[in-house]
Amino acid sequence: MNGQDLGEPKAKIEDSSVVTGLVEAAQVESAARLITRTRADHTGPFDPLHVDVWIYRIVVATLGAVLIIATVGGLVIAMAGKGPVPDVVVALGSGSVGALAGLLAPSPGHHA
């Protein structure tokens, strides 16, 4: 033969594109495992009402303000003798009391 040993493989990588491709594939696989592991850490879907406390505070403050304004408005109308208190004022007050009770009361299935 022309001076080459048949047992020795002739695997010389002259171009590093194969090595670069393997390194990139390993990085993509590692990133995919990290994303999968991070998603598995979160149990259930994203629920902003349990994560973002500012939404809860804004809703409670708004409902409280509506309750106070409806109560004061109803008292002013009744004391001024301008006639009966409009049903809209009573409905706003009652609705905000019910909404606040629903938000602030602990739910039976959730132990916090």
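Rounded to the nearest 0.05, what FRET efficiency is calculated for LEU103 and ALA78 with R0 set to 41 Å and r the Cβ-Cβ distance?
Using R0 = 41 Å, I get an efficiency of 0.90.
At what distance in nm do the modelled label points of VAL53 and ALA26 sit from each other, each positioned 7 Å from its Cα along Cα→Cβ?
If labels sit at VAL53 and ALA26, their model points lie 4.4 nm apart.
In nm, to one decimal, how far is the VAL88 label point from the ILE68 one, both placed 7 Å along Cα→Cβ?
Spacing of the two 7 Å Cα→Cβ label points: 2.2 nm.
Read the figures in this text as sums done on the coordinates, not as results from a lab. Being a predicted model, the structure only gives us computed values, none of them experimental. As a convention, Cβ positions derive from the backbone with ideal geometry for all residues, glycine included, and neighbour counts pool all protein chains shown.
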